[in-house]
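Just so it is clear, none of the values below were taken in a lab; they were calculated from the coordinates. Keep in mind that this is a model prediction, so the values were computed, not measured. Positions of Cβ are generated from backbone atoms using ideal geometry, with glycine treated the same way; all protein chains shown enter the neighbour counts.
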Amino acid sequence: MLSFGDFIKSHRLKLGLTLREFCKTYGHDPSNWSKLERGVIPPPADEKTLRVWAEQLGITEYSSDWYTMIDLAAIEKGIIPFDLKKNQSALEKLPLFYRTLRGQKPTENEMKKIAELLRE
């Protein structure tokens, strides 16, 4: 599985910047950024920091890479991504989603809800 650190490193390299160049340009501590890329320290959980870093890494907000970045950060922190926390409808559906991932068969009513979600 792709890690948050691998993801941000690949985007930094796409910019053609060494770790030190990137850190000097954007005011990051090279030691801490290296630790992030290597997975030694966890990614941030706050939306503001992730937005700033996405911009610095050339990641367009709401793009596929944007969602990958925030999802990887959330996975490694063991939390629900910030955009989903703000969506009450999505939060209500998470228990069904979790049960389905665990291989528990949804009820007929839950299957109808899934079909409705897919239509949306």
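Between the beta carbons of Asn87 and Glu21, assuming R0 = 41 Å, the FRET efficiency works out to 0.65 to the nearest 0.05. In terms of its C-alpha gyration tensor, the stretch 79-120 has an oblate overall shape, because the principal axis ratio a/c (a ≥ b ≥ c, square roots of the eigenvalues) is not below 1.5 and a/b does not outweigh b/c.
In deg cm²/dmol and to the nearest 500, what is the mean residue ellipticity at 222 nm of the chain if only DSSP H runs of at least 4 residues count, each as -39500 (n - 2.57), divided by the residue total?
Numbers: 8 runs with 82 residues, N = 120.
Mean residue ellipticity, 222 nm, calculated: -20000 deg cm²/dmol.
Between the stretch 1-18 and the stretch 29-66, what's the alpha-carbon centroid distance in Å? Answer, in whole Å: 9. Straight-line cross-link reach from Lys9 at under 12 Å between alpha-carbon atoms covers these aspartates and glutamates, not counting any fewer than eight positions away in the same chain: Glu37. Here Leu17, Leu91 are placed in order of increasing Cβ neighbour count within 10 Å, fewest first, which gives Leu91, Leu17. Computing semi-axes √(5λ) of the Cα gyration tensor in Å for the structure here picks out one of (i) 109, 25, 6; (ii) 35, 14, 12; (iii) 30, 17, 13, namely (ii). Its Cα centre serving as origin, the stretch 7-120 has a Cβ charge dipole (Lys and Arg +1, Asp and Glu -1) of approximately 280 debye. Using the Cβ-Cβ distance between Lys35 and Leu101 with R0 set to 25 Å, the FRET efficiency works out to roughly 0.20.
Return the subset of Lys86/Lys113; Lys48/Lys86; Lys35/Lys86; Lys48/Lys77; Lys85/Lys113; Lys35/Lys77 for which the Cα-Cα distance in this structure is over 26 Å, preserving the input order.
On the way: Lys86/Lys113 20 Å; Lys48/Lys86 15 Å; Lys35/Lys86 30 Å; Lys48/Lys77 16 Å; Lys85/Lys113 20 Å; Lys35/Lys77 15 Å.
Cα-Cα > 26 Å for Lys35/Lys86; rest within.
Each residue, Asn109 and Val52, gets one label point 7 Å from its Cα in the Cβ direction; the gap between the two is 4.7 nm.
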